[in-house]
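*Asks:* Below: one structure in structure tokens.
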Amino acid sequence: SQKQDMVFVPLNFGVTVTTYGKMFGYMPFFGFQAGLFYAREGYQFEYNEERDYTYKIEGAEKALIDVVEAPILFHYDMWNFKILAQLGCYAGYRLSIERFPGKSGSVSEELKHSFTDTDRRWDYGIKGGAGFALVFDPVEIHFQAMYKHSLSSLYEPDHYSQYYYRFAYPSNIIISVGAHFHLTKRSGMTKAKIKRKAKDMVFNKQRNGNYQSNGR
């Protein structure tokens, strides 16, 4: 394993669509969310003082990769001030790369902005997170923290040696804020309405029972 430094890249935007429904006849705020995102992610290896060495890939100590991804998430929330929870998977494609040699590296001009034959362009993995939302019907402002872990290595494991496999699975923490619009009219009842309806049903049943007894 190689130690890494965090790479801060403030580029992540996209569009999502959420459809709500009941799960197992329960959980009325369960939703199915799909989207399309464009983002930038990367890696940077940490300098090893003991060995006086920094690990490199194709001569680069750092790289930034532009990606496009389509997540499919299970979504659960609550009304008014919403508490959000999401979990699912995603599929993506690595569009472009920029490699940085760092202090001790050396990247050839042809690889500086190009993938190699052993690089994996297709990506897939798991994604999940939580957050909260402010509701101003028909608009919601969502604040979320997501964790994304790739299950597709950046390159073929045997690209360096057929005996010693190497893997690199990117992981990201994504902090985002977005505006969500209600495309259709809300349906269903709040807890207060459900309780009121249940109360009316019980009282009506009791009244009807009393009327029948009196009638007899």
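*Asks:* Express the accessible area of the stretch 117-160 per residue in Å², computed with a 1.4 Å probe while the remaining protein chains stay in the model.
*Replies:* Accessible area per residue, the stretch 117-160: 52 Å².
*Asks:* As a check on your grasp of the helix formula, calculate [θ] at 222 nm for the chain: sum -39500 (n - 2.57) over DSSP H runs of n ≥ 4, divide by the residue count, round to the nearest 500.
*Replies:* Mean residue ellipticity, 222 nm, calculated: -4500 deg cm²/dmol.
*Asks:* Using all C-alpha to C-alpha distances in the chain, build P(r) with 5 Å bins and read off the rounded percent in each one.
*Replies:* 1, 6, 11, 15, 13, 11, 9, 7, 6, 5, 4, 3, 2, 2, 2, 1, 1, 1, 0, 0
*Asks:* Please sort by residue number the GluC sites (Glu not before Pro) in the stretch 1-110 whose DSSP state is loop and whose Cβ has at most 15 other Cβ atoms within 10 Å.
*Replies:* Sparse-neighbourhood loop GluC sites (Glu not before Pro): GLU46, GLU49, GLU50.
*Asks:* Next up: Report the net charge of residues surrounding GLU110, where surrounding means a beta-carbon distance below 15 angstrom and charges are Lys +1, Arg +1, Asp -1, Glu -1.
*Replies:* -3
*Asks:* What are the chymotrypsin sites (Phe, Trp or Tyr not before Pro) within the stretch 81-148 that DSSP puts in a loop, where the Cβ has at most 16 other Cβ atoms within 10 Å?
*Replies:* Those that pass, being in a loop and sparsely packed, are PHE81.
*Asks:* Considering only Cα-Cα distances, which of the following residue pairs are longer than 26 Å: LYS82/LYS193; LYS82/LYS127; LYS103/LYS127; LYS3/LYS112?
*Replies:* Table pairs above 26 Å Cα-Cα are LYS103/LYS127.
*Asks:* Still on this model: Find the all-direction average of the projected area of the Cα convex hull for the stretch 1-116, expressing the result in square nanometres with one decimal place.
*Replies:* Average projection, Cα convex hull of the stretch 1-116: 10.4 nm².
*Asks:* Let me ask another. Quick one: Cα centre-to-centre distance for the stretch 44-101 and the stretch 1-23, in angstrom?
*Replies:* If we compute the Cα centre of each part, the gap is 8 Å.
*Asks:* Which lysines does LYS199 reach when only Cα atoms under 21 Å apart count, and residues fewer than 8 places away in its own chain are ignored?
*Replies:* LYS191
*Asks:* Separate question: Once phi is turned into ³J(HN,Hα) by the Karplus curve 6.51 cos²θ - 1.76 cosθ + 1.60 with θ = phi - 60°, what whole-Hz value does each residue of the stretch 48-61 show in order, with x for glycine and proline?
*Replies:* Karplus-based 3J(HN,Hα) across the stretch 48-61 equals 9, 5, 5, 9, 6, 8, 10, 5, 9, 10, 6, x, 9, 8 Hz.
*Asks:* To test your reading of the geometry: what angle, between 0 and 90 degrees and rounded to tens, separates the Cα axis of helix 191-215 from the longest principal axis of the chain?
*Replies:* 20
The values are calculated or read from the model by the stated rules, or taken from the named source; none is laboratory data. Just so it is clear, the structure is predicted and the values come from calculations on it, not from any experiment. Don't worry about glycine lacking a Cβ; one is built from the backbone with ideal geometry, like all the others, and counts go over all protein chains shown. Ligands, DNA and RNA are excluded from the accessible area calculation, which covers all protein heavy atoms including side chains. Shrake-Rupley method; radii C 1.70, N 1.55, O 1.52, S 1.80 Å.
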